[in-house]
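Everything on this sheet refers to the single structure shown next.
The values are calculated or read from the model by the stated rules, or taken from the named source; none is laboratory data. Predicted model, so just to flag it, every value in this text is computed and none were measured. Here the Cβ is made from the backbone with ideal geometry for all residues, glycine too, and neighbour counts use every protein chain on show.
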Amino acid sequence: MLRITFIFTLLFCLFLTATGFSQEAASAQDTTASEIGKPVSKTLIDFADLPDNISIDKWTIKLSGYSDTPKGRSLSDLKLVNVDSSKIKNGKTFNKCLGIRVNFEYSHGNDWAEIAPVYPISVFYMKEGQGVVRNVGPIKSVSIWVSGRNYKNSIEVRMIDNHGKYKSINFGHLFFKGWRKLSWDNPNYIKELKKRDIEKPHLYPQYEPYLKFESLVLYKSPQEIGGDFIAYVKDIEIEYEPAILEYESAVNDEAEWHILETEAKQSKDAEDKRLDIYFSGSTKEAQYLKDKKAQETKETK
C-alpha cells in the first residue's frame, strides 16, 4: 500500500513539474510569437539628407550604348533641387530632393543610365538611413518617392546584402506627372505566421544582416525617341521584419568574446583595401585619399 502511494505521489509531482515547464515554455513562445510578424518601415536612403562623404557632388552617371558619348556625359547631371511640397497632393512634406537629367541618344535603343556614388557606400561608416538598413529579415515591400514627367522610361533600385548578393527592383515606367510613391510588394512574403516554417536563428555570434544602396538605374524605353529626360527622387524605404529580435541575457556575449567587433574590423580593412586598389592611379585617387583621411580624422575624435 505504501509503495502504491509513493508511486502515485511521484507521478503527481512529475505531472506538476511538466505542467509548470509547459506553461513557462508556452509563455516564452507566446512572448516571442507576439514580436514576430511585425514589419517596420525604415528609410534606406534620403537623397536630400546625405553625409558629406557621399554628397550629391560625389555621385556619377554612367551611360550605356549609343548614349555613352561625350555629349551625353557632359549634358547628364545630378543636383539637389528645391521642392514646394504644398503642391504635392496626398504626399509628405519635404523641401529638397535629387534632380536627375539624363541625355539619351536619339534612337529607339534600350539605353540606360546608372546613378551611384563614386565611393561605394560602406556599411561600417554609414548610419542607418544613409544608404544602409540593418537587421533586415523577411522583406515585405520596398518603395520609392519619385516624380515623373510622362515618359515611358522606367526606374530601378539596386541593393547589396551582407552576403554580397545583388537585389534589383524595377518599379516600372514613369509615365505620369507629379509625385508618386511607387511600391514593390514581395510576392514571397508570408503574412500569416501559421503558414510559415518555424525557424530558430542563431543568436550569438551572428552579424546583423543588412541591405545597402548600390545604385539607381533609369532605363530608356524603345518607345521614346531620346534626348533630355528629367526625373526627381526623394527617398527609398524598406518595410521588413527584424531578423534578430532583441532579448535579455544575463551575460554580455560581445563584451566577453569580441567576436563581432573582430569580424567587423577585418571586413572593414578588406573593404578599404579594395577601394585603395580601385582608385589607385585613377583621376579620382587624390580626392579619394583626401576624403579617406578626413573620415579617419573624424573617427578618432
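In segment 90-138, the qualifying residues are those that are modelled with pLDDT under 90 and among the small types (Gly, Ala, Ser), and the one that is farthest from LYS181 (Cα to Cα) is SER107. Across segment 255-301, the number of residues qualifying as more than 22 Å from SER55 (Cα to Cα) and in contact (Cβ under 8 Å) with a residue 60 or more places away in the chain comes to 2. Between GLU214, GLU246, GLU241, GLU192, the distinction of being acidic (Asp, Glu), closer than 17 Å to PRO39 by Cβ and surrounded by 12 or more Cβ atoms within 10 Å (Cβ to Cβ) belongs to GLU241 only.
Assess whether TYR232 counts as being in the same structural domain as ASN135 (by TED's automatic domain parsing), in contact (Cβ under 8 Å) with a residue 12 or more places away in the chain and more than 18 Å from VAL123 (Cα to Cα). It is true that TYR232 is in the same structural domain as ASN135 (by TED's automatic domain parsing), in contact (Cβ under 8 Å) with a residue 12 or more places away in the chain and more than 18 Å from VAL123 (Cα to Cα). When we screen GLU263, GLU246 for residues that are within 27 Å of THR43 (Cβ to Cβ) and either in contact with a Phe, Trp or Tyr (Cβ under 6 Å, 6 or more places away or on another chain) or part of a loop (DSSP other than H, G, I, E, B) (or both), the only hit is GLU246. Anything in segment 270-301 that is of a type in the set (A, V, I, L, M) and either farther than 15 Å from TYR125 by Cα or not in a helix (DSSP H, G or I) (or both)? List them, or say none. Of everything in segment 270-301, those that are of a type in the set (A, V, I, L, M) and either farther than 15 Å from TYR125 by Cα or not in a helix (DSSP H, G or I) (or both) turn out to be ILE277, ALA286, LEU289. Within segment 45-95, which residues are under 21 Å from the mean Cα position of the chain (by Cα) and charged (D, E, K, R)? Selection gives ASP46, ASP49, ASP52, LYS58, LYS92.
Give SER280, SER215, SER267 a once-over and let me know the one that is over 30 Å from GLY178 (Cα atoms) and either more than 25 Å from the chain's Cα centre (by Cα) or in the same structural domain as ILE100 (by TED's automatic domain parsing) (or both). The match here is SER280. Of the candidates SER122, SER154, the single residue that is on the phi < 0 side of the Ramachandran plot and touching a strand residue (DSSP E or B) at 6+ places or on another chain (Cβ under 6 Å) is SER154.
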